[in-house]
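Report on the structure given below.
The values are calculated or read from the model by the stated rules, or taken from the named source; none is laboratory data. Everything numeric here is computed off the predicted structure, so don't read it as measured data. No Cβ is skipped: glycine too gets one built from the backbone with ideal geometry, and neighbour counts run over all protein chains shown.
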Amino acid sequence: MATVSSLGLAAPRGVFLSSRPTDRRKATIRILLLFAFAGLAVWGRGWVADRVAARAEKPGAEQPATVRVAVLRPERLEAGLNYHAAVKEVQRAELSFRVAGTVDSLREVAGPDGRTHTLHEGDVIPRGTPLAKLDARDHRRDRDMAAERLAAAEAKRDQADAEAGLARVECDRAERLLKRASATASEMDTARARDASARAAVAVARREVQSARIALDQAEANLSYCSLVSPFERATVASRSVDLGQRVAAGQPAFVVHDLSSVVIAFGVPDTLVGRIRLGAPTEVTSDALPEERFRGVVYKIGSAADPRTRTYSVEIRVDEPRGLRPGMIATVHLGRESIAPLLPLAALVPRTAGPGCDAFVVVDEPNGRVVRRRQATIEDVIDDRAVISAAPTSGSSQVLATGDRVVIAGVHRLTDGRAVVVEE
């Protein structure tokens with residue numbers, strides 16, 4: 001009988017037990033490791049997903065944003081506009097004689113060298129000072145003749161008064177005689193006619209006296225018109241167009257004088273600015289001709305209607321102490337605008353989410369911490385890089401900006417309503 005070994009069907013026992021189980025163990029180990037790695041991968045994936053979910057941003061849970069704020073308070077605002085215009089005199093007069101005549105004398109004034117000279121351009125004359133005189137002899141004769149005519153008229157009037165009195169007496173006597181039948185009706189009629197004629201003569205004589213008195217007044221006025229005087233408190237002669245011995249007609253220009261105690265600067269402003277200018281408002285005036293001087297002016301006149309050609313409103317600035325500022329010089333008017341209003345940087349404003357306009361973010365303290373809230377901002381004006389804001393008087397829960405609000409001035413474009421913030425000190 002053949003054995004197993006002899007048939008070659010099986011190896012020795014030690015060899016079988018040492019090699020075959022080792023391969024199985026290796027396969028088993030590999031399978032166990034595979035399952036372990038798979039489980040670890042599933043666990044790690046869940047752990048990572050949980051961490052990512054825990055760190056995911058959710059509404060109301062954003063990381064606080066760091067912002068800078070400014071408290072909205074009224075500030076003194078000074079802004080200005082400059083206008084250039086020519087200087088003009090406040091008052092100007094063209095003087096002429098009201099009667100014809102021959103220039104008999106011209107005013108003599110002392111010059112800077114102490115010598116006298118005939119009045120000319122640039123001389124300053126006080127009010128009432130005679131500038132020139134005409135030969136008054138003709139007008140004096142006219143005055144004397146008018147006085148004589150008045151005296152004759154007054155004498156004629158007195159005579160008419162006396163005759164009217166006598167006629168009145170005779171008329172009364174005729175009425176009494178007629179009642180006693182001592183006078184006829186014809187005599188009575190004659191007496192009454194004489195009385196009426198005498199009273200009419202008195203009326204004519206009185207009118208002649210009045211006419212003669214008017215003629216005398218006119219002659220005396222013409223005599224006074226022979227003297228040309230300064231109409232201003234301090235008149236500066238701008239020009240003289242008459243000479244000694246010259247024959248002039250009534251109304252012919254003789255002098256042009258200026259009142260330089262004050263000067264004005266006139267210019268036009270648009271309708272967007274005229275409403276902000278107030279009568280009596282102080283201004284500063286400068287001129288390149290007098291670079292060291294600063295003049296104080298006031299708004300003297302504001303036009304009530306726009307010029308139809310330029311569509312601007314006339315404004316005049318008056319300078320009461322010109323100190324050498326003369327007509328014709330170019331002056332600069334510095335129109336200052338001073339007001340008190342809340343101001344915000346333009347960078348603090350964001351477009352409104354619904355409708356036109358702008359909003360700003362305000363930092364408020366809520367139970368869960370500091371957050372920002374949108375507030376409506378009403379812009380009244382823009383000065384440089386800041387906006388003039390119309391704010392409520394006190395801070396509150398209103399939807400508009402109010403005095404005292406802490407307004408975000410940096411980083412506003414990454415904010416949303418309700419976002420938590422940290423205020424940068």
Output yes when any residue across the stretch 204-227 is closer than 13 Å to residue 131 by Cβ, surrounded by 19 or more Cβ atoms within 10 Å (Cβ to Cβ) and under 50 Å from the mean Cα position of the chain (by Cα), and no when none is. yes
Among (1) in a strand (DSSP E or B); (2) under 25 Å from residue 92 (Cα atoms); (3) not β-branched (Val, Ile, Thr), where does residue 305 come up short? (1)
Out of the strands (runs of 3 or more DSSP E) lying entirely within the stretch 310-425, which hold 1 or more residues that are in contact (Cβ under 8 Å) with a residue 60 or more places away in the chain and closer than 29 Å to residue 268 by Cβ? 313-319, 330-345, 369-383, 386-390
Test residue 290 against the stated conditions and say whether it is surrounded by 13 or more Cβ atoms within 10 Å (Cβ to Cβ), touching a residue at least 12 places away in the same chain (Cβ under 8 Å) and more than 16 Å from residue 401 (Cα to Cα). yes
If you check 100, 86, 110, which single one turns out to be of a type in the set (A, V, I, L, M, F, W, C), touching a residue at least 60 places away in the same chain (Cβ under 8 Å) and under 26 Å from residue 262 (Cα atoms)? 86
Of the candidates 382, 400, 350, 423, the one satisfying the condition of being in contact with a Phe, Trp or Tyr (Cβ under 9 Å, 6 or more places away or on another chain), surrounded by fewer than 17 Cβ atoms within 10 Å (Cβ to Cβ) and either farther than 20 Å from residue 76 by Cβ or modelled with pLDDT under 85 (or both) is 350
Please verify whether residue 299 is modelled with pLDDT of 90 or more, crowded, with 18+ Cβ neighbours inside 10 Å, out of contact with any Lys or Arg (no Cβ under 9 Å at 6 or more places or on another chain) and not in a loop (DSSP other than H, G, I, E, B), treating the condition exactly as stated. no
